[in-house]
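Here's the structure, in structure tokens; my notes come after.
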Amino acid sequence: MSLLPILELPHPMLRKRARKVRSVGKKLLKLAFDMVDTMDNAGGVGLAANQVGQLQRLIVIRVPGEEEARIYINPEILKREGEREIEEGCLSVPGYRGIITRSVWVRFGALDHEFHTVKFKAEELLAQALEHEVDHLDGILYLDHLESHEKLIKIETALSSEESDDETPDDDEPSDQVGAAHESGARQVDTPASIKVN
Ligand code: NI
């Protein structure tokens, strides 16, 4: 098992359509298990193969409270019903969350890691995650579903200088390095308008 780098906007791979998986071998399974580790490590609910640089129709999901991670190959949203407004984020768009419209429930179909067909109806967080991850495989990000820039929220917590347990240095302290490099650019990136363009 290993952790894979998660690609972030505006990496072009995130805008590409992933290819259908024709057969399941050791290589694909290793990718799937590595994606589960990567998702868990990043604290995500789901991850699509595009996000780790693989254009294959493969997604993983771990709904909080469920013991097993879900691995789905060639996933499809077969039917969607209803609309609800919810807050959503993406590991490839760090530092932001947006309010978008998702389905109340979906009917979902895919192959599991043993290449067996699975079909079920999902709602709430699972439905949201399925829609989000299948979107990724088509090069779609949740940002594309935003009705307006006002619906995109910047998360400030990452910049708070409260004692945190992790080893990564705070962004806002050594401004001679990271800060200076971003200088003028960072301010622009902070605005929802320019994020949307990507
Ligand atoms: Ni995502």
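So that you can scan it fast, the table gives a plain yes or no per residue for (1) away from the ligand (no atom under 12 Å from the Cβ); (2) outside any strand (DSSP E or B):
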position: MET13; (1), (2): yes, yes
position: ARG17; (1), (2): yes, yes
position: VAL24; (1), (2): yes, yes
position: ALA32; (1), (2): yes, yes
position: GLN51; (1), (2): no, yes
position: GLN54; (1), (2): yes, yes
position: VAL60; (1), (2): no, no
position: PRO64; (1), (2): yes, yes
position: GLU67; (1), (2): yes, yes
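When region 34-49 is limited to residues that are of a type in the set (A, V, I, L, M, F, W, C) and part of a helix (DSSP H, G or I), the one that is surrounded by the fewest Cβ atoms within 10 Å (Cβ to Cβ) turns out to be ALA42. For first residues located in region 120-149 and within 11 Å of the ligand (Cβ to nearest atom), partners that are assigned to a helix (DSSP H, G or I) and among the β-branched types (Val, Ile, Thr) and lie 6+ apart or on another chain with Cβ distances below 8 Å form the pairs LEU143/ILE195. Candidates in region 89-104 are the residues that are over 15 Å from LYS151 (Cβ atoms) and either under 13 Å from the mean Cα position of the chain (by Cα) or surrounded by fewer than 17 Cβ atoms within 10 Å (Cβ to Cβ) (or both); of these, the one that is farthest from the ligand (Cβ to nearest atom) is VAL104.
In region 35-49, what count of residues is obtained for those that are touching a strand residue (DSSP E or B) at 6+ places or on another chain (Cβ under 8 Å) and within 14 Å of the ligand (Cβ to nearest atom)? Spell out the reasoning first.
Looking only at region 35-49, we keep the residues that are touching a strand residue (DSSP E or B) at 6+ places or on another chain (Cβ under 8 Å), and these are 35-36, 38-39, 45-49.
After this cut, where a residue has to be within 14 Å of the ligand (Cβ to nearest atom) as well, the list is 35, 38-39, 45-49.
Qualifying residue count for the region: 8.
Scan region 70-87 and tell me whether some residue there is modelled with pLDDT under 95, surrounded by fewer than 17 Cβ atoms within 10 Å (Cβ to Cβ), out of contact with any helix residue (DSSP H, G or I) (no Cβ under 7 Å at 6 or more places or on another chain) and part of a loop (DSSP other than H, G, I, E, B). Within region 70-87, none of the residues are modelled with pLDDT under 95, surrounded by fewer than 17 Cβ atoms within 10 Å (Cβ to Cβ), out of contact with any helix residue (DSSP H, G or I) (no Cβ under 7 Å at 6 or more places or on another chain) and part of a loop (DSSP other than H, G, I, E, B).
The values are calculated or read from the model by the stated rules, or taken from the named source; none is laboratory data. Keep in mind that this is a model prediction, so the values were computed, not measured. When we count neighbours, we look across all protein chains shown, and the Cβ atoms used for this are built from the backbone with ideal geometry, even at glycine.
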